[in-house]
Amino acid sequence: METNPYYNPENVGFSIPPRVSRKTQSNDTIVNIGGVQVGDSEIIVIAGPCAVESQEQLFETARAVKTGGARILRGGAFKPRSSPYNFQGLGEEGLKLLSSIREETGLPVVTEVMDTRQVGLVASYADMIQIGSRNMQNYPLLKEAGMCRKPVLLKRGMMATIEEYLLAAEYILNQGNEQVILCERGIRTFETSTRNTLDLSAVPMLKRLSHLPVIVDPSHGTGLRWMVPSMAKAAVAVGADGLIIEVHYKPEEAICDGYQSLSPNEFAQLMTDLKKIAQALGREISLPKPSVS
Ligand code: PEP
Ligand code: MN
């Protein structure tokens, strides 16, 4: 059977692209984002607002997520909005704000890039560039990201199969950039009570087929603030290497995705709960020591 080129011991119905495949590299890839390692035994939580809205909003939220235990800051400067009439992001001004709050907090920054022409600009400010769900099959963008020397957070397309997702990651690795993190963020199904259907089975599947780290986005995966903590805990339980969570210092005033953003207090509580789950699984979440006041 092994001599048959179509023999597939994983029985997943497709062949696993070679560069992302665990058959080519059995040990886990560890991605280094400005000194923070994703894919090692520590579970890394990325948190921050959906979009960078203003200096006050970003800085206050960044300080709060750092206190809560986030290790990397998120925040969109170029936003992929469903409506062209909605806030599109602050652009380079937003990138500058991200870079100045990194100076203060020491948190590395991840932010989305939507266009091949912006890769150089975004990569010059960010510690990791994000390719969003809507662009997972934008092949020129994947190639451009593969040519830049920054780690890439590649989110799963909302209609992508695991095969299509791994092929998209393969485009980036093919250009010589092996610093890629996969992110399950929910797929479209017939269900409408949640924003997307968070496919947690993708986590063990991707970890089995590929050596790349896998994280989960329970915010876009559910679209419901109250459900985010449950699904974040479940994600850690199924073996995710990290999470990306939307947090806003005043969720009710957010310009974008406030209904799925945690408040700073909710985030801090979640981190405490996640730490216990991580420890039960032989993994770690290191939380900052509470400041004595
Ligand atoms: C985001 O993380 O800011 C985002 C837009 O998510 P997604 O691409 O998964 O929809
Ligand atoms: Mn969002």
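Looking at Met136, Met158, Met205, which is the one that is within 15 Å of ligand 2 (Cβ to nearest atom) and more than 17 Å from Val38 (Cβ to Cβ)?
Going through Met136, Met158, Met205 in turn, the sole match is Met158.
Name every residue in the stretch 77-91 that is surrounded by 13 or more Cβ atoms within 10 Å (Cβ to Cβ) and either free of Cβ contacts under 8 Å to residues at least 40 places away in the same chain or aliphatic (A, V, I, L, M) (or both), in order of residue number.
Ala77, Gln88, Gly89, Leu90, Gly91
Test Leu95 against the stated conditions and say whether it is crowded, with 16+ Cβ neighbours inside 10 Å and under 14 Å from the mean Cα position of the chain (by Cα).
No, not satisfied.
Across the stretch 241-260, which residue is farthest from Ser230 (Cα to Cα) among those that are buried (at least 24 other Cβ atoms within 10 Å of the Cβ) and away from ligand 1 (no atom under 11 Å from the Cβ)?
Here the residue is His248.
Here is a list: Asp127, Asp115. Which entry is within 24 Å of Asp257 (Cα to Cα), acidic (Asp, Glu), at pLDDT 95 or above and within 16 Å of the chain's Cα centre (by Cα)?
Asp127
Starting from the stretch 247-271, take each residue that is farther than 24 Å from Lys289 by Cα and of a type outside the set (Lys, Arg) and list its partners that are within 14 Å of ligand 1 (Cβ to nearest atom) and assigned to a helix (DSSP H, G or I), counting only C-beta distances under 6 angstrom and pairs at least six apart or across chains.
Pro251/Gly258; Gln260/Ser219
Would you pick out the residues in the stretch 149-172 that are modelled with pLDDT of 95 or more and not in a helix (DSSP H, G or I)?
Lys150, Pro151, Val152, Leu153, Leu154, Lys155, Arg156, Gly157, Met158, Met159, Ala160, Thr161
It is to be established whether one or more residues within the stretch 272-285 are on the phi > 0 side of the Ramachandran plot and more than 17 Å from the chain's Cα centre (by Cα).
There is at least one residue in the stretch 272-285 that is on the phi > 0 side of the Ramachandran plot and more than 17 Å from the chain's Cα centre (by Cα).
Among residues belonging to the stretch 48-79 that are more than 18 Å from the chain's Cα centre (by Cα), among the polar types (S, T, N, Q) and assigned to a helix (DSSP H, G or I), point out the one that is farthest from ligand 1 (Cβ to nearest atom).
Across the stretch 48-79, the extreme among qualifying residues is Thr67.
Output the residues belonging to the stretch 113-132 that are of a type outside the set (A, V, I, L, M), buried (at least 23 other Cβ atoms within 10 Å of the Cβ) and not in a loop (DSSP other than H, G, I, E, B).
If the condition is that a residue be of a type outside the set (A, V, I, L, M), buried (at least 23 other Cβ atoms within 10 Å of the Cβ) and not in a loop (DSSP other than H, G, I, E, B), then Gln130 is the only one that fits.
Return the residue satisfying two criteria in turn: it lies in the stretch 211-240 and is surrounded by fewer than 20 Cβ atoms within 10 Å (Cβ to Cβ) and within 16 Å of ligand 2 (Cβ to nearest atom), and of such residues it is nearest to the chain's Cα centre (by Cα).
Only one residue tops the list, namely Gly223.
The values are calculated or read from the model by the stated rules, or taken from the named source; none is laboratory data. Since we're looking at a predicted model, the values are computed, not measured. All Cβ positions, even for glycine, are placed from backbone atoms using ideal geometry, and neighbour counts span all protein chains on display.
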